[in-house]
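In what follows, a single structure is set out as structure tokens and then discussed.
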Amino acid sequence: MNKSFFEDKTYKDQDFKKVRLEKAEYENCIFEGCDFADSYLDNINFTTCQFKHCNLSNANISQSVFNEVSFSFCKLTGIHFELCNPILLSLSFDHCSLILASFYQLKLKNIVFTKCKLIEADFTEANLSNARFDECDLNKVIFKNTNLEQADLSTAINYKFDPEQNRLRKAKFSKDGVVGLLGKYDIVVI
């Protein structure tokens, strides 16, 4: 069965909790002010799509494709990106709330997070080489066996993780932020 195809379409202020978004291929579409909270977005292909001011909290994105998809001013609490199709995965986030989001084992080279709240997000075993966390709150974020080589966390705040459990070669941190890498040593930095 072939999926429907939608191109250059704008969806505005729609509640997809009540009426499910059709399982289809969406290319160059804009979703603005839409509510996808707790909805099913599984097995849908999104290519060069934009989500603006949307709520996708706890949405099921199992096996969906996100190729060159941007999220701005969106709420993505509890979303499990590791369940989506990893082929062609390309995401960016601007002013988003990604509390308790999971990116477990994903290849996210060059990903950009701008002014996002990633509180308690999980990046265990993810590849974040060359990633940028511009002015992001990383309170209680989990970095474990994560590749952060050449990643830029120089303007990020509130991160605390063990540098010995991650790959950090040429990663960038602010002088104040380095304290978050020393927590396990129980030392006082003045």
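The values are calculated or read from the model by the stated rules, or taken from the named source; none is laboratory data. Predicted, not measured: the structure shown is a model, and the values here were computed from it. Every residue, glycine among them, receives a Cβ derived from its backbone with ideal geometry; neighbour counts consider all protein chains shown. Protein only, heavy atoms only, side chains kept; ligands, DNA and RNA dropped before computing areas. Shrake-Rupley method; radii C 1.70, N 1.55, O 1.52, S 1.80 Å.
Structure notes:
- Taking Leu83, Leu118 and ordering them by how much accessible surface each has at a 1.4 Å probe, largest first, produces Leu83, Leu118.
- Taking 0.36 nm per residue of separation and subtracting the current Cα-Cα distance, fully stretching the chain between Asn139 and Asn58 would add 27.2 nm.
- Computed over protein heavy atoms with a 1.4 Å probe, the accessible surface of the range 9-52 works out to 50 Å² per residue.
- Sequence-distant lysines (8 or more away, or on other chains) whose Cα lies within less than 25 Å of Lys18: Lys3, Lys9, Lys52, Lys75
- More than 21 Å apart - percent of Cα-Cα pairs taken over the chain: 48
- Candidate residues Lys52, Lys115, Lys160: accessible-area rank, largest first, probe 1.4 Å: Lys160, Lys115, Lys52
- Rolling a 1.4 angstrom probe over the chain with all protein chains present gives an accessible area of which 47% lies on carbon and sulfur atoms.
- Projected label points at Lys12 and Lys109, each 7 Å from Cα along the beta carbon direction, are separated by 3.9 nanometres.
- Anisotropy class of the range 1-109 from Cα gyration tensor, a/c 1.5 cut: rounded
- Relative contact order, percent, the chain [alpha-carbon distance under 8 Å, six or more residues apart]: 11
- Under Stokes-Einstein, with the Kirkwood radius over Cα pairs as Rh, the value for the range 86-157 at 4 °C and 1.567 mPa s is 110 µm²/s.
- The figure for Arg20 is an accessible area of roughly 110 square angstrom, using a 1.4 Å probe on the protein chains alone.
- Bridgeable lysines around Lys109 (alpha carbons under 22 Å apart, same-chain partners fewer than 8 residues away excluded): Lys117, Lys140, Lys144, Lys160, Lys170, Lys172.
- By accessible area with a 1.4 Å probe, ligands and nucleic acids excluded, highest first: order of Asp38, Asp122: Asp38, Asp122
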